[in-house]
1. Compute a Gaussian network model of chain B, connecting alpha carbons closer than 10 Å, and tell me which residue from B:78, B:305, B:282 fluctuates the most.
2. Ranked from highest to lowest mean number of other Cβ atoms within 10 Å per residue, what is the order of the peptides A:260-266, A:94-100?
3. Relative contact order for region B:207-312: what is it in percent, counting Cα pairs under 8 Å that are at least 6 residues apart?
4. Helix-derived [θ] at 222 nm for the protein assembly as shown: sum -39500 (n - 2.57) over DSSP H runs of at least 4, divide by residue count, nearest 500?
5. Cα axis of helix A:112-121 to longest principal axis of chain A: angle in degrees, 0 to 90, nearest 10?
6. Can you give me the C-alpha center-to-center distance between region B:178-249 and region B:315-352, rounded to a whole angstrom?
7. Take the alpha-carbon positions of region A:246-334, form their convex hull, and give its projected area averaged over all directions (one quarter of the hull surface) in nm².
8. Jot down the radius of gyration and Dmax of region A:172-235, Cα atoms only, both in angstrom.
């Protein structure tokens with residue numbers, strides 16, 4: 001195979017991809033469309049969620065797929081996280097290269113190139129990985145043997161998401177035995193159990209019921225594994241919608257919230273139990289008004305600046321509302337009595353889904369007190385492999 | 001303002017972003033999720049659309065926002081295109097840097113940073129730009145004066161999209177006069193008139209009616225401008241849904257199709273007039289099966305590999321169907337009688353909307369005869385400014 005080109009080599013003159021601001025730039029002078037991170041809100045979210053989980057004696061392993069930022073993940077580690085989660089081999093590579101030494105890939109990894117990447121990473125950091133099929137064990141087992149490294153495998157259990165995960169204890173046990181057959185290069189670490197759909201149930205009672213059912217099922221599987229000599233030192237899962245429930249489960253050993261630190265309108269639509277701290281919208285988009293008309297205005301961010309799988313972004317400008325979005329524009333409508341927008345005005349919006357929205361941008365502009373305090377590249381943007 | 005960091009400097013060790021294949025790699029060995037470009041299909045689309053427009057004596061100016069690829073745009077120029085369209089100042093910068101010498105930015109550009117970028121580009125290439133408000137004229141006029149360059153401005157006319165564009169001849173005329181006041185640095189070039197919504201009307205009769213109404217309106221405005229001494233040397237617009245109509249309008253001087261070259265399932269849902277060549281799906285995604293279950297399987301591409309504003313991608317594997325998509329996965333369901341998928345299998349899918357899907361990827365893998373023939377970086381990926 002010939003040498004593969006890399007973006008670094010092809011794109012070396014790419015200074016057109018400069019950040020839309022410098023340290024100290026007032027927010028109103030940031031070029032648009034840009035993603036802002038409100039540092040006060042981010043720090044409040046970090047403290048609220050980490051404190052609650054730590055108070056239960058459980059570890060926090062935040063999901064870096066939500067922000068893909070090395071700088072932001074460093075703040076999570078500084079706030080007590082034991083390591084991070086990634087979702088892709090290439091994403092894990094970015095974080096290991098940046099110095100992270102405990103990375104769990106909460107996904108199934110298939111294919112020779114990817115397994116070799118993961119096996120190589122395991123020579124530099126503690127790497128965990130999920131499996132739900134013997135073929136996955138075989139592939140990563142062969143790769144770690146060849147690399148002389150050790151990867152810790154978690155058996156993923158389906159707790160109602162209907163996506164990945166084994167169905168029952170018998171399947172989990174079969175995988176544990178398969179892992180054992182690569183002793184020295186694979187280590188059985190325990191269980192991964194995440195139900196994305198439970199995160200977005202709107203009522204706190206529904207979410208509690210979903211986690212309760214999951215804990216019952218997992219407890220049975222853990223017992224069966226233990227009876228066969230497979231101790232689950234790690235039981236990991238949970239997210240921004242349910243983190244307090246896993247933390248209080250007396251079963252999970254660590255929790256993996258991701259969106260909590262940035263927040264989006266989809267998670268904000270969850271109703272919280274009375275004793276839960278509300279999380280703040282640290283992530284906001286800044287757009288410019290590029291065209292104005294009698295009843296509408298046009299903003300300079302569209303489908304290439306906002307993911308819309310969870311709905312349109314929400315504009316933070318009184319009396320205006322996002323009506324439609326196209327590749328490069330949002331059309332916002334003026335309600336009766338609202339003050340007009342002018343060409344050149346800058347407005348803020350709340351994204352509906354932070355993970356795929358951040359992945360559309362090269363930069364997160366961290367702001368406080370009306371000015372830019374830090375500039376963070378979206379380090380693992382586009383790490384799909 | 002301090003020096004702004006650039007991704008090139010921060011990301012210089014980014015060889016993790018390597019291409020998922022090398023020249024000569026068999027398709028089955030390409031790492032996933034990847035975007036494939038079927039070169040036979042692409043060449044057929046290029047020939048069909050360019051030939052039809054050229055036969056009407058009209059110029060083709062393809063929209064590079066659809067593919068963001070310098071390599072693909074070079075093929076469009078080789079197939080007779082007179083230049084390209086871009087949608088953003090930073091996108092235009094990528095193409096000018098790569099040697100393109102005639103770029104029309106089919107958008108309003110606002111803000112000092114962006115206007116300075118455009119004015120600077122105009123020292124190296126012929127740059128066109130749209131306006132629909134005097135403030136836009138003022139900003140680019142001041143920037144070109146400072147840079148000593150000349151930008152050609154097109155007055156955008158709203159022909160029913162309800163987004164950007166002036167409403168009538170009086171507004172168009174006022175802008176033409178504003179442009180004239182920057183004589184030597186701004187040039188009145190004519191009219192830009194594009195109706196995105198008309199591109200996706202399913203019936204050929206509806207689309208013909210929409211373009212007919214637009215041509216009537218534009219003809220009136222062109223006459224008024226001419227009467228005041230403003231000759232429209234360029235009248236530009238149209239897209240993949242209507243290109244033959246603008247080509248046959250006896251008014252438009254150039255047409256701007258973008259998606260035609262790659263195609264997606266949304267455009268494929270348009271019913272074509274009997275004499276129109278059908279376009280082929282040159283763009284396909286390749287995904288791996290990472291997890292299998294009794295009635296479903298899981299693919300390794302999700303919302304970070306597919307834009308879903310126009311619906312889910314369509315899997316090209318008999319008896320299987322995409323049911324749900326999440327950040328990193330598609331869940332595909334097996335219909336009765338379908339052959340099973342196995343962990344490690346690779347499957348192809350058709351994206352629903354090519355423009356924002358390409359923008360999610362670093363690479364287009366050009367294939368022919370079952371192997372990789374060329375590897376194209378998505379040169380202007382993420383050029384949102």
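1. Looking only at B:78, B:305, B:282, the largest GNM fluctuation is found for B:78.
2. Order by mean packing, descending: A:260-266, A:94-100.
3. 16
4. Taken over the protein assembly as shown, the calculation gives -9000 deg cm²/dmol.
5. That helix lies at roughly 90 degrees to the long axis.
6. Value for the Cα centre distance between the two parts: 42 Å.
7. Mean projected area of the Cα convex hull: 7.6 nm².
8. That works out to 14.6, 45 Å for Rg and Dmax.
Read the figures in this text as sums done on the coordinates, not as results from a lab. The structure displayed is predicted, hence computed values, not measured ones. All Cβ positions, even for glycine, are placed from backbone atoms using ideal geometry, and neighbour counts span all protein chains on display.
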